[in-house]
Amino acid sequence: MRHLALITCLLVLSFTLLVLSDVGVSNADDAAVLPKGKWRLQVDTNYFLPITKRYNKNGDVEDAAKDFNTNLTNQLLGLQAICSPVNGACTPTDTLGRSLVTFRYDIKYVNTQVAYGLTDRLSLGTNIPYWFQTTNVTANVDSSTATLCRGAGSLIPIAKCGGAFTTPISANDVQALLVLKSFKKVETWSDDHLADMEVGGKYQYYKAENFRAAFTGGVRLPTGELRDPANLVARNFGREAWALLFRFHQDLVLNQKSGVTKDLGIPEPGSILFNTTFRYDWNLPDKADLQVCDVNNPLCSGRDTNVHRKVGDVVEGEISAKYGLPKNFSLAGLYKYGHKFKDHYGGDKALTYGLLSNQSNYNEHIYIFSIGYDTIPLYAEGSFPVPMQVLISYRNRFDGDNNQLVGQYIGLTLSVYF
């Protein structure tokens, strides 16, 4: 409640003092604001190409399901209580075999941004992101190295292999064991949900002939949700934590005459807009329902519904350029570096909460190429009925670490002014 009261005050302040930064959308950020009394409705739809790889802690590419491909030992699965001694005592290293699991993530998200020019220097806005996520799963077991088998007649008890009534463990048997341990089956999962919304404002505090600068302040709301800890293949729809957002934007505009297109950050033929943007996300402490185990050991049984956590803050630096082409087209390129600091966890149970911090920090490197078309000059001369922009983008996270996905997407952005 203490943090809720603080955030409420800051939210009101952000609306009255500080347009919302385009965090997570496909087009580059800039220091432009809307003219007084004008609205912009912007919809970004981003389609990720199928994802099967991730970056490990050393930055090397590996299979996204690597942690699920493991030796299914007695100790890992906690089978001692159901292991029959009929063919000899079960040891911690006895195994059901090796799991063979693959993941393919299919992801799409739609971000709707509504912004309003309160003055010619101050715009207010909100981002409303909605995610569609699927984890396509294949799960099998290689029992060629198994020393534990299914017992006579049922999965319980299991026993040392070699007895008259034992048979090799199947993938369905392992799934049943996971259910006994209060996990859901490792199978294809799909869901869609609202992600973490953002609200705030951008104030253009400096404007000259060829240079302008702006500051964005805002709040991220915990409207997304974390995955069910019992579902090992589900994905988060947000961090489910309040955050304060700070952005600093700087534009250098060359070879463009004054007018509405220059003010909105739309380059004319032969003109160019350089931008640098620096971001800081300050995540506030909260509590969450989490599985308490190392990130590379998804099968651990520790769970706490009231984990105290401080999600690591995020800092990003971005540089981009837009170049105006004839017939109202434009090209853009962007590079972004992001760093997330390590999380911190604690709780009241006899659990090793520090494990949750392992690999919770990360680095990422992203580039985006875009081609855009806008009708604002045509609207100004009366030859097109609606002032709008269309942008097609390609984004690639080409380097990273600590379980960041090797992800690419194709983005389509439509902006309408009224």
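The values are calculated or read from the model by the stated rules, or taken from the named source; none is laboratory data. Keep in mind that this is a model prediction, so the values were computed, not measured. Backbone-built Cβ (ideal geometry, glycine too); neighbour counts: all protein chains shown. Surface accessibility is based on the protein's heavy atoms, side chains included, excluding ligands, DNA and RNA. Shrake-Rupley method; radii C 1.70, N 1.55, O 1.52, S 1.80 Å.
Things to note:
- Residue match in the stretch 214-234 (condition: modelled with pLDDT of 95 or more, among the β-branched types (Val, Ile, Thr) and touching a helix residue (DSSP H, G or I) at 6+ places or on another chain (Cβ under 8 Å)): yes
- Candidates Lys160, Lys185: the one that is buried (at least 16 other Cβ atoms within 10 Å of the Cβ), more than 33 Å from the chain's Cα centre (by Cα), at pLDDT 90 or above and of a type outside the set (Val, Ile, Thr) is Lys160.
- Ser144 meets each of the listed conditions (1) among the polar types (S, T, N, Q); (2) open to solvent by 50 Å² or more (accessible area, probe 1.4 Å); (3) touching an Asp or Glu at 6+ places or on another chain (Cβ under 9 Å) apart from (3).
- Taking first residues from the stretch 245-267 that are on the phi > 0 side of the Ramachandran plot and partners that are in a loop (DSSP other than H, G, I, E, B), the Cβ contacts under 7 Å between residues at least 6 apart in sequence or on separate chains come to Asn255/Gly270; Asn255/Ser271; Gly265/Asp30; Gly265/Ala32.
- The stretch 262-291, residues that are farther than 30 Å from Arg239 by Cα, among the charged types (D, E, K, R) and open to solvent by 50 Å² or more (accessible area, probe 1.4 Å): Asp263
Quick grid of which residues meet (1) farther than 26 Å from Lys336 by Cβ; (2) in contact with a Gly (Cβ under 8 Å, 6 or more places away or on another chain); (3) of a type in the set (A, V, I, L, M, F, W, C):
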{"site": "Val386", "(1), (2), (3)": "yes, no, yes"}
{"site": "Arg395", "(1), (2), (3)": "no, yes, no"}
{"site": "Gly400", "(1), (2), (3)": "no, yes, no"}
{"site": "Leu405", "(1), (2), (3)": "no, no, yes"}
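- When the stretch 55-65 is filtered for residues that are open to solvent by less than 60 Å² (accessible area, probe 1.4 Å), in a strand (DSSP E or B) and in contact with a Lys or Arg (Cβ under 8 Å, 6 or more places away or on another chain), the ones remaining, listed by number, are Glu62, Asp63.
- Residues of the stretch 108-122 satisfying the condition of being more than 24 Å from the chain's Cα centre (by Cα) and either among the small types (Gly, Ala, Ser) or open to solvent by 60 Å² or more (accessible area, probe 1.4 Å) (or both): Tyr116, Gly117, Leu118, Asp120, Arg121
- Pairs with Cβ under 9 Å, 6+ apart, first in the stretch 181-202 and among the hydroxyl-bearing types (Ser, Thr, Tyr), second open to solvent by 40 Å² or more (accessible area, probe 1.4 Å) and at pLDDT below 95: Ser182/Ser301; Ser182/Arg303
- The condition (being surrounded by fewer than 18 Cβ atoms within 10 Å (Cβ to Cβ) and farther than 30 Å from Ala159 by Cβ) is satisfied by just one residue among Val33, Val43: Val43.
- Count of the stretch 355-390 residues which are under 21 Å from Leu331 (Cα atoms) and open to solvent by less than 30 Å² (accessible area, probe 1.4 Å): 8
- Screening Gly125 with (1) open to solvent by 20 Å² or more (accessible area, probe 1.4 Å); (2) part of a strand (DSSP E or B) gives one miss only, at (1).
- If the condition is being modelled with pLDDT of 95 or more, open to solvent by less than 10 Å² (accessible area, probe 1.4 Å) and under 30 Å from Arg303 (Cβ atoms), then the stretch 238-261 contributes only Ala243.
- Residue that is farthest from the chain's Cα centre (by Cα), among those in the stretch 301-312 that are in a loop (DSSP other than H, G, I, E, B) and buried (at least 16 other Cβ atoms within 10 Å of the Cβ): Gly302
- Count of residues meeting criterion [open to solvent by less than 90 Å² (accessible area, probe 1.4 Å) and outside any loop (DSSP other than H, G, I, E, B)] in the stretch 339-354: 6
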